[in-house]
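J.: Can you read through this structure? Questions will come right after.
The values are calculated or read from the model by the stated rules, or taken from the named source; none is laboratory data. No experiment lies behind these values; they were computed from the predicted model shown. We place every Cβ from the backbone using ideal geometry, glycine too, and count neighbours over all the protein chains shown.
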Amino acid sequence: MSGALLEVRGLSVVFDGFRALDGVDLTVEQGELRFLIGPNGAGKTTLVDVITGLTRPASGSVRFEGADLVGRKEHEIVRSGVGRTFQTSVVFEELTVVENLDLAASFRRPLWSLARRRRGVSEAVAAAMETTGLDLLADRPAGVLSHGQRQWLEIGMLIAQRPRLLLLDEPVAGMSAEERLRTGELLTEIARDHTVVVIEHDMDFLRRYASQVTVLHEGKVLVEGSVDQVRADPRVQEVYLGRAEERSTGAAAATAGEVK
Ligand SMILES: Nc1ncnc2c1ncn2[C@@H]1O[C@H](COP(=O)(O)OP(=O)(O)OP(=O)(O)O)[C@@H](O)[C@H]1O
Ligand SMILES: [Mg+2]
């Protein structure tokens, strides 16, 4: 066993004969902030789905801290220390921010401690509120939060579960420039004491916050390296340029830099 926190080997997923993932290898070391990019349909979400037990692979292995996760149930994987967000929001709108965080935190808490009446909020909830800056909104119903605040709440809910690996699926999608900036800072802060894999589309965001990047394309790892290496790679440019040409023949060159 190597020292990697997450080791994905030869992972393939087949949906009705269609290979959504095709022999993916991915190694994430303890303490990394890894970005996962790729065009629509590349298999990014599917990869996260397999790691978190939502989708069964046709073949391959997913080792987390040396133990194979394939075949384990979703809640077992959460308990073993892997947390994720979804592309669509999953907060409880009628519950307050602190109630949502508390519920998330209780997921990994032993039953006896749930039965015990606690005064105030648990340490994990307090830490999650502080990290995400949601302390001031603690008693607001989640339903009234802005889009950005909601995303931060989801990230806070993850942190409250004290995962060792966080998988974030497009956390800045639909955010304002200011919210993106705040999220970038938040990810950097979280990465200080967690291992984080972020699926992201925005190249400016990557340039600012990413170090190691993995590019998926048609279910395979196309390139892996630093942001500069990845952007300079002709195969990556071709994937994105090709897509730009499909969208608009005339404006292809102008959009070529839009590496997702
Ligand atoms: N449950 C499913 N059944 C059938 N096909 C699926 C299923 N889930 C995903 N796919 C297909 O697998 C491929 C990979 O999808 P996936 O959602 O992983 O892509 P993605 O890289 O996350 O894309 P996006 O950037 O649009 O989120 C796509 O062609 C998608 O249509
Ligand atoms: Mg996706």
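J.: If we scan the range 197-206, do we find a residue that is away from ligand 1 (no atom under 16 Å from the Cβ) and either modelled with pLDDT of 90 or more or buried (at least 17 other Cβ atoms within 10 Å of the Cβ) (or both)?
T.: no
J.: How many of the residues in the range 207-238 are part of a helix (DSSP H, G or I), under 28 Å from residue 18 (Cβ atoms) and not charged (D, E, K, R)?
T.: The total comes to 4.
J.: Still on this structure, please answer the following. Look through the range 32-77, keep the residues that are without any contact (Cβ under 8 Å) to a residue 24 or more places away in the chain and aliphatic (A, V, I, L, M), and return whichever of them is nearest to ligand 2 (Cβ to nearest atom).
T.: Ranking the qualifying residues of the range 32-77, first place goes to 54.
J.: Additional query: Give me a count of the residues in the range 81-102 that are in a loop (DSSP other than H, G, I, E, B) and within 16 Å of ligand 2 (Cβ to nearest atom).
T.: 6
J.: Restricting attention to the range 132-144, does a residue exist that is touching a strand residue (DSSP E or B) at 6+ places or on another chain (Cβ under 8 Å) and among the β-branched types (Val, Ile, Thr)?
T.: Initial filter on the range 132-144 (touching a strand residue (DSSP E or B) at 6+ places or on another chain (Cβ under 8 Å)): 138-142.
From what's left, among the β-branched types (Val, Ile, Thr): none.
Within the range 132-144, not a single residue is touching a strand residue (DSSP E or B) at 6+ places or on another chain (Cβ under 8 Å) and among the β-branched types (Val, Ile, Thr).
J.: Could you check the range 1-29 and list, in sequence order, the residues that are among the basic types (Lys, Arg) and within 16 Å of the chain's Cα centre (by Cα)?
T.: none
J.: Right, something else. So which strands (runs of 3 or more DSSP E) stay within the range 13-80 end to end and still have 3 or more residues that are buried (at least 16 other Cβ atoms within 10 Å of the Cβ) and within 15 Å of ligand 1 (Cβ to nearest atom)? It would help to see each step written out before you state the result.
T.: Details: elements: 18-28, 33-37, 59-64.
Filter on the range 13-80 gives 18-28, 33-37.
J.: Also: I'd like to know if the range 114-126 contains one or more residues that are surrounded by fewer than 21 Cβ atoms within 10 Å (Cβ to Cβ) and modelled with pLDDT of 90 or more.
T.: Yes, the range 114-126 contains at least one residue that is surrounded by fewer than 21 Cβ atoms within 10 Å (Cβ to Cβ) and modelled with pLDDT of 90 or more.
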